Amino acid sequence: MSESALGLEAFLATAILLLYTLIGHSIEVHRITWIHESGVAILLGIFAGGIMYYAADTVIRFNDAAFFYFILPPIIFAAGYNLKKRSFFRNIGAITAYGVIGTVITCTIITAIASLLSSWHWIIAGARGSVDLYVTLRPIDCMFLAAVLSSTDTVAALSLVKEDQHPKLNSIVFGEGVVNDAISILLFRTIDNYVGAKPTDSLNLDYSATGMIFLQFVYLTVASLAIGIVVGLISSRLLKITPSLKDHPWKETSIIFLVGYMSYIIAELLDLSGIMTLFFCGVTIGHYGFYNISEKARQTTSISFNSISHVAEAFLFAYLGLTVYAYGGQDWAFGFIFLMILAIMIARGVSLISMNLFYYFATCRRVRAKFSEVAVVWFSGLIRGAIAFALILQVPSAHYRGVLVTTTLGICLVTTLFFGAAMPAFIRMVGIKSDGTDIPSSYVPLLSDQHENNQDVYESIDENGNNGTADSSVRTRSDSATTKLHGRWRQFDDRYLKPFFGGSESDNPENRSEVSSNGTPVQSRMNEQPLYRSFSAQIGSLNGPNGLHPRTISMESFQAPNQNNERASLMD
């Protein structure tokens with residue numbers, strides 16, 4: 001590549017990122033709903049790619065290695081480090097069901113549909129004026145494609161379901177997106193490992209092969225999770241035993257970022273899920289190590305990690321647009337793209353319905369999912385992004401590899417641009433309203449954090465808005481069991497882990513509700529003043545609902561819980 005071409009690429013990349021930031025801000029300020037930020041980045045990428053293709057005769061190809069090692073890690077680590085753990089773990093049941101089991105169901109259904117389309121000779125590729133090519137995919141190729149297309153796009157979905165408007169849905173979409181991406185990559189790696197260990201002519205999927213794939217999948221999942229937590233705990237301990245670092249906030253920030261990135265590299269080198277490792281490493285450091293650094297470092301890490309994540313997200317979507325010109329017309333199968341989008345819609349719907357029905361009957365009909373909430377989660381999960389495209393580039397020696405690549409790229413572009421733009425209208429159509437006040441009184445979070453949305457106050461709010469523990473008569477049996485489990489975990493966390501690894505400086509019996517020996521919350525001694533009077537004192541110390549601290553209390557948190565819902569939703 002000539003120096004002038006490299007300079008042109010650098011200029012266009014900088015211009016795209018600047019325009020993305022300015023246009024995205026205008027979209028948010030003026031509440032434009034017919035397009036969103038990720039769509040803007042893709043269109044800017046297509047425009048810039050066209051300039052390079054026609055003016056400089058240069059084609060940019062998507063580099064999957066650069067994507068996985070340099071673009072994706074900042075996004076995932078920022079999400080884990082600045083995670084609002086209260087909302088995430090409050091919906092951990094739905095997140096796990098949708099993100100793990102639902103992804104496996106989706107992958108299975110897409111594999112079956114792709115195999116049927118191939119056996120019926122419905123996959124036709126070729127440019128206009130050329131001879132049509134009937135594509136026949138092997139079963140293993142269909143599995144690779146299904147694993148790739150099972151990956152939803154976290155960034156695109158979160159840019160559509162705003163946290164300040166739909167906090168509960170935002171938590172579900174975010175959590176499921178992260179877990180879903182990790183599980184999709186694990187499925188892809190599992191299939192890839194199976195293919196690598198078998199001769200090409202012996203890739204038959206029998207019961208024994210399916211069992212081996214499942215066991216390897218479980219191993220990869222557990223190993224990825226364990227590495228992230230262990231590295232996060234080690235870094236938290238390191239920050240705790242070196243208090244002299246508090247005089248150098250930039251060093252604290254560098255250590256946190258480098259440790260997180262190291263956990264990601266370790267997982268990738270071991271062929272594990274770097275996304276899952278990095279995310280839970282960030283969660284662990286945010287829960288323990290965050291309180292071992294100086295106040296300046298806390299603000300610096302929050303701002304810098306979010307800024308880097310913002311730039312990486314913009315470049316990620318623009319990269320997709322830039323890649324469009326790298327593939328010839330003979331590889332595009334537009335009919336297959338359309339059919340696979342329908343397959344994604346069907347598989348997504350079946351997985352969500354099956355998960356909700358299972359949860360409904362497993363809890364003896366005590367929990368019922370709201371149709372509007374499930375519909376939004378379904379629609380958000382139809383969007384595919386750069387992770388899917390980067391994975392398909394790693395498919396080893398697949399038959400008609402070009403068709404698989406262009407099909408995935410086309411699905412990513414269509415779903416992000418059109419489904420993303422249709423999301424606001426879809427939300428209005430199903431009647432979703434802001435649910436920031438829908439917080440059950442019996443909830444006790446898995447991970448306590450005094451700074452996060454004043455969650456400890458909610459632990460002692462009863463149905464009438466008074467301090468104290470909610471009446472046990474309004475709790476379901478599942479609520480009681482969950483409360484005891486959370487209480488026991490918090491006892492163990494406060495007694496053994498936080499003194500060693502670090503934790504919230506305000507976590508003490510005088511500042512939050514206590515937990516009895518059996519794990520049940522008892523009367524809070526946090527404050528004897530009326531509830532909203534204590535709230536007003538805290539409001540006065542804030543600079544606004546969107547302060548610098550990632551765990552700043554939001555204004556929506558001070559509203560009383562919604563008492564109109566007679567049944568709990570699966571999202572609760």
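Structure values in brief
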{"read-out": "Accessible area (Å², 1.4 Å probe, nearest 10) - residue 496", "value": "130"}
{"read-out": "Cα gyration tensor category, rounded, prolate or oblate, for segment 1-153 with a/c compared to 1.5", "value": "oblate"}
{"read-out": "Probe 1.4 Å - accessible area at residue 376, Å² to nearest ten", "value": "0"}
{"read-out": "Ranked order, 67, 492 - accessible area, probe 1.4 Å, largest first", "value": "492, 67"}
{"read-out": "Ranking by accessible area, most exposed first, for 353, 341 with a 1.4 Å probe", "value": "353, 341"}
{"read-out": "J(HN,Hα) series, segment 99-110, from Karplus relation 6.51 cos²θ - 1.76 cosθ + 1.60, nearest Hz, glycine and proline x", "value": "x, 9, 5, x, 5, 5, 5, 4, 4, 5, 5, 5"}
{"read-out": "Long-range amide H partners of residue 400 with built H, under 5 Å", "value": "none"}
{"read-out": "Computed label-point distance, nm, for sites residue 485 and residue 414 using a 7 Å Cα→Cβ extension", "value": "4.0"}
{"read-out": "In Hz, Karplus ³J(HN,Hα) per residue of segment 61-68 (6.51, -1.76, 1.60; θ = phi - 60°; x = Gly, Pro)", "value": "9, 5, 9, 5, 5, 5, 5, 6"}
{"read-out": "Inter-label distance for residue 394 and residue 299, nm, one decimal - labels placed 7 Å from Cα along Cα-to-Cβ", "value": "3.9"}
{"read-out": "Global geometry of segment 45-105, whether rounded, prolate or oblate, following the gyration tensor of its Cα atoms and the 1.5 cut on a/c", "value": "prolate"}
{"read-out": "Surface per residue (accessible, 1.4 Å probe) for segment 265-313, Å²", "value": "31"}
{"read-out": "Cα-Cα over 26 Å, subset of 84/246; 168/484; 84/370; 85/240; 246/484; 296/498", "value": "246/484"}
{"read-out": "Per-residue SASA entry for residue 428, accessible area with 1.4 Å probe, Å² rounded to 10", "value": "150"}
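The values are calculated or read from the model by the stated rules, or taken from the named source; none is laboratory data. No experiment lies behind these values; they were computed from the predicted model shown. All Cβ positions, glycine included, derive from the backbone under ideal geometry; neighbour counts span all protein chains shown. For the accessible areas, the whole protein counts, side chains as well, though only heavy atoms, and no ligand, DNA or RNA atoms are used. Shrake-Rupley method; radii C 1.70, N 1.55, O 1.52, S 1.80 Å.
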